[in-house]
Amino acid sequence: MVGLSLGETHFIQGGIAQDLRCDGRKRLTYRPISVETGVIPQTNGSARVRMGATDVIASVKAELGKPSLLQPDKGKVSIYVDCSSTAEPAFEGRGGDELAAELSNALQRCLLGGKSGAGAGIDLSSLIVVEGKICWDLYIDGLVVSSDGNLLDALGAAIKAALSNTGIPRVQVAAGTSNDEHPEVDVSDEEFLQFDTSRVPVIVTLTKVGRHYIVDATSEEESQMSSAVSISVNRQGHICGITKRGGVGLDPSIILDMISVAKHVSEQLINKLDSEIASAEAEEES
Amino acid sequence: MLIFVISAIDFHMPPICSPIVRPGRPAEASPMVSKQLSNTISSSRMTDLKELSLVSGKAAWMAYLDIYCLDADGALFDAALLSAIAALSHLQIPSIAMNDDGKIVLVSDEDGQKRAQEPVNKEKRKLTLRSIPFSLTCILHKNYILADPTAEEESIMETHVTVVLDTSGQLISLYKPGGPVLAYTSAIQDCAALTRQRVKELNNFLDKANSAMEV
């Protein structure tokens, strides 16, 4: 992205102040969102989400592993984000690593809850096959294909869609195994279990520009930001995680405002996303 | 004296593309395909690198070619080469000019009236592609040849042969990385014949795709 001239920065900031952004949106309006599911056939689940020119792919891979000693009754989930060098020249080589790590950490906090696993968007107990011995390990991978701002919201939406698309093979445990032996399992090729993704939150990022904040900032708008707060909200309206970036501090009352606005915006976003996912799944089955 | 800048070619395999690939552990196939791609594209002389030169001895375009594998299901080199060619045939070089300080600046279309600078190349243009290379990977197994193998087939069989021909029928490269099955002349000729047929199919496919994009 080339640098912005002084006139351009004034135009962007003035537009936000006037509640009429460069592309005609209001401060709290998202760009058009499109969802495709099942885009990568070799994964257990995958999805592609576009918000304007921002384009991301998420996939879910499942394999059998051993539960953690600390939580023998829960499966394991890890999230990794890769910033493609085709998204931005700055991502060439290791350029995208820092942003990718930041996005991975934010998504972990927003979607997976704390170390106890409580509050996770996925019921980790449903990933257990044999308690203490066998569980499903989920590997959630995100790839940023094109970057025009608001990557965190797009990745959060793509992961939610990918989880909706995910099928976990049904596992039969051989009977008669004693407690000391490693159980023998038979993984089905035809029967699949699907996740209950109703508790998976969406992420709403509020970007502060001047005296106002906006949702779904473009790259140019993000270049004018003083700070940004990302809030993940689930369908029940509960806050699942909050992260802040950008160097400028925020008055606590503004943060409370942001949380309230994020809850309101997330209702529309969840409904929009759920209908997009449903139609994408229906289209995939046809 | 002209300065030619050779494209940097990278083939990436993010964790998204295969159950085997994990974060932090780069896939083994990635540098192999990158190298094969570099060799093939430079050997084929598909593009005249002079077209990337701007001002003799001073400025030239650098083309970075990044290929991301989204789903690795066999014959990665074939898919990578086809996508590289499609991208290069879609490449548009912006028009530029040299200002008074001798720096290169982009010329926007709106600036037509105030064009005080001399344009170095006058309009947006595409690369001229000459003979275009296409490839076909086959597996040799006993007396059989398996064209375009899947990842599962590749993991079981050990002998692969990749033949690269260009659109004028010239052999660009032949790649057989070991394996127990010997590549007899008849087998190579059969692979080349299959590849020749494949070249025609892919060339037609690419022409249609490019025509569709220009509308």
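Between B:LYS208 and A:GLU191, with labels modelled 7 Å along Cα→Cβ, what's the label distance in nm to one decimal, could you check?
Taking the two extended label points, one gets 4.3 nm.
Between the helical axis of A:6-17 and the dominant principal axis of chain A, each derived from Cα atoms, what acute angle in degrees is found, rounded to the nearest 10?
The angle comes out at about 70 degrees.
Considering only protein heavy atoms, what is the solvent-accessible area of A:TRP136 at a probe of 1.4 Å, reported in Å² to the nearest 10?
20
Which three extents, in angstrom, do the Cα atoms of the range A:119-245 have along their principal axes, listed largest first?
68, 28, 23
Do any GluC sites (Glu not before Pro) in the range B:139-214 lie in a DSSP loop with no more than 14 other beta carbon atoms within 10 Å, and if so, which?
B:GLU158
If Lys and Arg each add +1 and Asp and Glu each add -1, what is the summed charge of the other residues whose beta carbon sits under 12 Å from the beta carbon of A:VAL35?
-3
Below 10 angstrom from the Cβ of B:LEU146, what's the summed charge of the other residues (Lys, Arg +1; Asp, Glu -1)?
-3
Which value, in square angstrom to the nearest 100, describes the accessible area buried between chains B and A on both sides, using a 1.4 angstrom probe?
Counting both chains, the buried surface is close to 1500 Å².
Counting alpha carbon pairs within less than 8 Å and at least 6 residues apart, what relative contact order, in whole percent, applies to chain A?
RCO, chain A: 20 percent.
Subtracting the Cα-Cα distance from 0.36 nm times the residue separation, let me have the gained length for A:SER253 to A:ALA174 in nm, one decimal.
22.7 nm
Viscosity 0.692 mPa s, temperature 37 °C: what is the translational diffusion coefficient of the range A:1-59 from Stokes-Einstein with a Kirkwood Rh over Cα pairs, rounded to a whole number of µm²/s?
Estimated via Stokes-Einstein, D reaches 235 µm²/s.
Rounded to the nearest 10 degrees, what's the angle between the helix A:252-285 long axis and the longest principal axis of chain A, both from Cα atoms, 0 to 90?
60
Mind grabbing the accessible area of B:THR167 for me, 1.4 Å probe, Å², rounded to tens?
Solvent-accessible area, nearest 10 Å²: 60 Å².
Using alpha carbons only, how many degrees (0 to 90, rounded to 10) separate the axis of helix A:97-112 from the longest principal axis of chain A?
60
What pairs in A:LYS208/A:LYS263; A:LYS76/B:LYS35; B:LYS142/B:LYS176; A:LYS61/B:LYS35; A:LYS76/A:LYS208; A:LYS160/A:LYS263 have C-alpha atoms more than 25 Å from each other?
Violating the 25 Å Cα-Cα cut-off are A:LYS76/B:LYS35; A:LYS61/B:LYS35; A:LYS76/A:LYS208.
The values are calculated or read from the model by the stated rules, or taken from the named source; none is laboratory data. If you're wondering where the values come from, they're calculated on a predicted model, not measured in any experiment. Note that each Cβ is placed from the backbone with ideal geometry, even for glycine, and that neighbours are counted across all protein chains shown. Surface accessibility is based on the protein's heavy atoms, side chains included, excluding ligands, DNA and RNA. Shrake-Rupley method; radii C 1.70, N 1.55, O 1.52, S 1.80 Å.
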